[in-house]
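Inspection log for the structure reproduced underneath, given as C-alpha cells.
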Amino acid sequence: MRRILLLLLALLVGSPTLAQTPPSANPRVAIETSAGRIVVEVYADKAPISARNFLRYVDAKRLDGISFYRTVKVQDRFGFVQFGVQNAPARMFPPIKHEPTSQTGVKHLDGTLSMPRLAPGTARGEFTISVGDQTSFDADPSRPGDNLGYAAFARVVEGMDVVVGIMDAPVSPTKTLVGSFKGEVPAAPVKILSVRRLAP
C-alpha cells in the first residue's frame, strides 16, 4: 500500500500538467512614466486584434516620449486618463477592425485599457485607462445608433495608484488640444518615458 502511495505521489510531482501551472499567453507591459510605473496585462487571448495593435506600438517604441494629454475626472476615483500618438503621422499605424466588448467579453472595469475612436474601425494609437467601472463604454445592442462601444483589451495589474494620481492632478482651465478638451488638459502632463514588454 505504501509503495502505491509513493508511486502516485511521484507521478503527481513529476507530471507537468498536474504539478505546474502553464504560463499565461497574455504578455505584460511596463509603462514607465515621470509619475511612476504602471504594469498592464494585455488580453491577447480575448481581444487579439486590439491587443496586437497596442503591442505593435509598444514593440516599435512609438509610445516612448509621449504623455498623458487628457484627464477626465467626473468624481472621486471615477473618470479616465488618455495617452497616445495624437495623430502624429510618423507614429501612426493604420486603423484596425473594431472589437466590441460584446464579442471579447473584456468589460470597462476599473483599470481597463481601451481604444477611443470615431466610427467603428477608425481606432489607431490612442488609449484610455478607466478609473472606476465605465459600463457606458461597453457595447450595448439595445441602444439606438452606434452602440458598439469602445474596444477594451488590457487591464492595470500594478500601479493603479499612479493612474489615479495622474487623473487627480490639476488641469488647465484654458488649454485645449486642437480646439478640444477644454478643462481636461493637464497643467503639467505626465510624460511616458518608455513602454516595454516584460519577460514572461
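Throughout, read-outs are computed from the coordinates displayed, never taken from laboratory work. Small disclaimer: the values here were computed from a predicted structure and weren't measured. Because the Cβ atoms are built from the backbone with ideal geometry, glycine has one as well, and the counts that use them run over all protein chains shown.
Points to keep in mind about this one:
- Charge dipole magnitude, Cβ of K and R +1, D and E -1 - the stretch 23-197, Cα centre, debye nearest 20: 560 debye
- Set 61/182; 107/182; 61/175; 73/182 screened for pairs whose C-alpha atoms are more than 19 Å apart: 61/182; 107/182; 61/175
- Where N is the number of residues in the chain, Cα Rg divided by 2.2 N^0.38 Å: 1.23
- Separation of the stretch 141-200 and the stretch 59-129, taken as the distance between their Cα centroids, equals 7 angstrom.
- Note that the stretch 60-145 carries a Kirkwood radius of 14.0 Å, evaluated over its alpha carbons pair by pair.
- For the chain, the 222 nm mean residue ellipticity estimated from helices alone, with every DSSP H stretch of n ≥ 4 adding -39500 (n - 2.57) and the total spread over all residues, rounds to -6000 deg cm²/dmol.
- Value of relative contact order over the chain, rounded to a whole percent, pairs C-alpha under 8 Å and six or more apart: 29 percent
- Each residue in 110, 45, 138 was given a count of other beta-carbon atoms within 10 angstrom of its own, and listing them fewest first yields 45, 110, 138.
- Taking 91, 70 and counting other C-beta atoms within 10 Å, the order from fewest to most: 91, 70
- Sequence of 108, 98 once ranked by neighbouring C-beta atoms within 10 Å, starting from the fewest: 98, 108
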